[in-house]
Amino acid sequence: MSGGYILVVDDEPAICDLICTSLEMAGFKSRRSANGMLAHQMIVNDRPDLVLLDWMMPMLSGIELTQRLKRDPRTQDLPVILLTARSDEDDRVRGLDAGADDYIVKPFSPREMIARIRSVLRRAGINDTEQALTAAQVVLIPAEQKCQVNKQDVPLGPLEFRLLEYFMRHPNRVHSRAQLLDRVWGGNVYIDDRTVDVHIRRLRKAMSIDGHEHLIQTVRGAGYRFAPTADLNEG
């Protein structure tokens, strides 16, 4: 059920930039939201691995969003770390009582943040950077950037690898080109969405072992889908 990324919720763009850059340098994928209401929708639609959540947020505060997440059976186990300038003991207790898994006081060092994230993820039993993904004789090992199809090594470029990883984490769902650009390339990248088609073709060519290229399907007018139960002899 993992979305394979960390959601950063903060209405200060400079803070978001710093956090997301630090996450990427540490090997994590990230997305961002500038308000609690949008963050809640993103969490429900495409569950992340962990939420880094600012306490003082417009529309829905970090405390209120944490309480909402912990009341919902769909999200009650989602790890949440609160970010705040509030350093009083009463505030820390209030944040933890709301259901937060940890609490980081601003300003904080990127090293401390990453260490706390890894600690919370370990406690939650989440270690996506090391866990192999397997579907229909396709094996992907993110920690080693390694791919095998029918036990044969398949060399993939960085973008093709990230595409396949995203597909395998979200099987049988249709993804538009815009969604793939946002999730794989990153929301701040401004390129033609037809670029996705080029990398899909490269990925299919690399996976063309015993018909495995047919696992990546084109859905006309909608986008692409990874279908691990597809007939490998079709087409």
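For the subset of segment 1-36 comprising residues that are under 18 Å from residue 99 (Cβ atoms) and among the aliphatic types (A, V, I, L, M), which member is farthest from the chain's Cα centre (by Cα)? For segment 1-36, the residue satisfying everything is 9.
Can you say whether residue 211 is closer than 23 Å to residue 148 by Cα and surrounded by fewer than 18 Cβ atoms within 10 Å (Cβ to Cβ), as far as the supplied structure shows? Please lay out each step first, then the result.
Working: closer than 23 Å to residue 148 by Cα: yes; surrounded by fewer than 18 Cβ atoms within 10 Å (Cβ to Cβ): yes.
So residue 211 passes the test.
Residue-level analysis places residue 34 among those that are in contact with an Asp or Glu (Cβ under 9 Å, 6 or more places away or on another chain), open to solvent by 10 Å² or more (accessible area, probe 1.4 Å), free of Cβ contacts under 8 Å to residues at least 40 places away in the same chain and not acidic (Asp, Glu).
Within segment 152-181, can you find the residues that are part of a helix (DSSP H, G or I), under 17 Å from residue 135 (Cβ atoms) and either among the β-branched types (Val, Ile, Thr) or touching a residue at least 24 places away in the same chain (Cβ under 8 Å) (or both)? The answer is 160, 163, 164, 165, 166, 167, 168, 169.
Would you please name the residue that is modelled with the highest pLDDT, looking only at residues in segment 136-149 that are open to solvent by 50 Å² or more (accessible area, probe 1.4 Å) and in a loop (DSSP other than H, G, I, E, B)? Among residues in segment 136-149 that are open to solvent by 50 Å² or more (accessible area, probe 1.4 Å) and in a loop (DSSP other than H, G, I, E, B), the one modelled with the highest pLDDT is 137. Within segment 214-235, the set of residues being touching a His at 6+ places or on another chain (Cβ under 6 Å), part of a loop (DSSP other than H, G, I, E, B) and either surrounded by 11 or more Cβ atoms within 10 Å (Cβ to Cβ) or modelled with pLDDT of 90 or more (or both) comprises 230, 232. From the list 74, 68, 86, 47, the lone residue that is at pLDDT below 90 and over 20 Å from the mean Cα position of the chain (by Cα) is 86.
The values are calculated or read from the model by the stated rules, or taken from the named source; none is laboratory data. Everything numeric in this text was worked out from a predicted model, so none of it was measured. With ideal geometry, Cβ positions are generated from the backbone for all residues, glycine too; neighbour counts draw on all protein chains shown. Side chains are part of the model used for accessible areas, which takes the heavy atoms of the whole protein and leaves out ligands, DNA and RNA. Shrake-Rupley method; radii C 1.70, N 1.55, O 1.52, S 1.80 Å.
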